[in-house]
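Remarks on the structure that follows.
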Amino acid sequence: MSEPVVQTAGLTKRYGPRIAVDEVNLTVRRGEVYGFLGPNGAGKTTTLRMVLGLIRPTSGTVSVLDGAAGSPGVMARVGALVEGPGFMPYLSGRDNLRVLARYRRLAEAEVEDALERVELGERGGDVFRSYSLGMKQRLGVAAALLGDPELIVLDEPTNGLDPAGMAGMRSLVVDLARGGQTVLLSSHLLGEVQEICHRVGVINRGRLLRESTVAELLGTPRLQVRAEPVEEALAVAREFTGDVLVERGELLVALAPEQAPQLVRALVARGLEVHSVRRSDRSLEDVFFEMTAAGAVVRREETVS
């Protein structure tokens, strides 16, 4: 099991009578892409701001890279984009990054490398105020990459990007993790999270509902089977697994796709008519809405990434 890069215990933030974050226990491990999910107002950004030391928790603790959140030694090893980028509008994108690099005593080459990684190399000389929303977001990510940080915190990094830009950002995040860096990613694009994240945490109304690998969150793959008579097909399917549902005259059977041939052979051997068998996995979006719609029970699972 990889060592924790971010770990919170009982992390809580109150604003008067309102609880924005409620006793969150979260663990982000080295070298993984961790997806932090939740509806608007769920407490995602407030949690990230506490992880970065931008606001103080009301109670609970935050450990980042074995140090105190927000301390100079820790922040020198962290890059972040939270709540949209803020730059000087009259400077070019390149010069904005140069200001940050000089403040942190980084080499000029760091600026050019960061611009290239977010595909802004050819537009780096343009004035920031002329940038589109997507370009501004790219520059914010480039700023987060300066100094080759161990931990990169990205709050909605694909905001404003077109489909090609989103694909490029996904590739960048995957490359960062492959290179040994850790990415804590907040996003409302659940398909994107499902594709690139190792583990996820789901927060709603300030409480962490679940923390697990994406595979465990999605659960066992399912086969969608249309066979007749339905009652007899149901009996055959239950010989393979007890997890069988009937929806609109079709069976939803919790079996891996490689078991489909055995199931079909068993159905045909009983003289049943098999019209179709197809894979019907739940998506992360399905699971997310199930968990957040009805105030799911708080649950935390320790898993190996």
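Each reported figure results from applying straightforward, stated rules to the coordinates on display, with no laboratory input. Keep in mind it's a predicted model, so treat the numbers as computed, not measured. Neighbour counts run over all protein chains shown; Cβ positions are idealised from the backbone, glycine included.
Details
- Positions within the range 120-170 being assigned to a helix (DSSP H, G or I), farther than 15 Å from Arg98 by Cα, among the small types (Gly, Ala, Ser) and without any contact (Cβ under 8 Å) to a residue 40 or more places away in the chain, in sequence order: Ser130, Gly134, Ala164, Ala167
- Residue match in the range 187-200 (condition: over 21 Å from Asp22 (Cα atoms), of a type in the set (Val, Ile, Thr) and assigned to a strand (DSSP E or B)): no
- Here Ala254 does not qualify as among the small types (Gly, Ala, Ser), surrounded by 13 or more Cβ atoms within 10 Å (Cβ to Cβ) and more than 31 Å from the chain's Cα centre (by Cα).
- Yes/no for Pro261 being over 30 Å from Pro57 (Cα atoms) and more than 28 Å from the chain's Cα centre (by Cα): yes
- Residue-level check: of (1) buried (at least 21 other Cβ atoms within 10 Å of the Cβ); (2) within 21 Å of the chain's Cα centre (by Cα); (3) free of Cβ contacts under 8 Å to residues at least 60 places away in the same chain, Ser63 misses just (1).
- Listed by first and then second residue, the pairs linking a residue in the range 250-261 that is within 14 Å of Arg282 (Cβ to Cβ) to a residue that is surrounded by fewer than 18 Cβ atoms within 10 Å (Cβ to Cβ) and among the acidic types (Asp, Glu), with Cβ atoms under 7 Å apart and 6 or more places separating them unless they lie on different chains, are Ala254/Asp243.
- Among the conditions (1) hydrophobic (A, V, I, L, M, F, W, C); (2) free of Cβ contacts under 8 Å to residues at least 40 places away in the same chain; (3) buried (at least 19 other Cβ atoms within 10 Å of the Cβ), the only one that Val173 does not satisfy is (2).
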